Amino acid sequence: MKATCIAAISLFVLAWMTQACAQGERLTDAQMAGVVFVANQAEIAAGELALQRTQSRSVQAFARRIVAEHGQVNQEIAALTQRLAATLQRSATSDALTKEANDDLARLNEVDSRGFNEAYLDREVDSLGRLVNSTDAFIRSTTSADLRMLLIRSRPSFIFHLDQARQLKLSIGSPGIGR
């Protein structure tokens, strides 16, 4: 079950990255903000599902933090777009990410309660790693100083979440740890 879940997640990641690269999509600032917004929405939705499904206090604490902090970043993105009288724009990347997030939630809903924590943390390590990489790329390529600063301020939190997910993933199988 674990290998199947990891393989499925890896295939979706590969498909998402291939689609974005194959299209050679050069995102506008509004599209970059849209991608980060969608990624944060996906993190929030997965975190909320984890809060409903997990019995692990460690995973619950992690999920609460994810929901709160990614929600805060999305509030900042919304405030920035409002202040600049702009709107978030969809792109092939954000559309693929939305589909992937929906598929991830469906897969997580199908996982039995014994395997949920591991499946959720596998998803988090994967998606947060991509979010950090995307944030790095967007920081380098955005023309908006305001968006660049928001991404620079958000990046350490994304990295911290990724590190937490990796640590929880390592400890979750150890007796007496990660509970």
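Points worth noting:
- Calculated log₁₀ intensity ratio I(q)/I(0) where the Debye formula runs over C-alpha points of region 2-171, q = 0.14, 0.17 Å⁻¹: -0.70, -1.02
- Shown for I139, I152, I44: other C-beta atoms within 10 Å of each C-beta, ranked fewest to most, produce the order I152, I139, I44.
- Here the extension length gained between T143 and E25 equals 40.9 nm, from 0.36 nm per residue of separation less the Cα-Cα distance.
- Remark: spin-label model distance I159-R57 equals 3.0 nm, labels positioned 7 Å along the Cα→Cβ axis.
- Neighbour net charge for N133 - beta-carbon separation under 13 angstrom, K R +1, D E -1: +1
Bear in mind that the values in this text are calculations on the coordinates, not laboratory data. Just so it is clear, the model here is predicted, and its values are computed rather than measured. Positions of Cβ are backbone-derived with ideal geometry, glycine not excepted, and every protein chain shown enters the neighbour counts.
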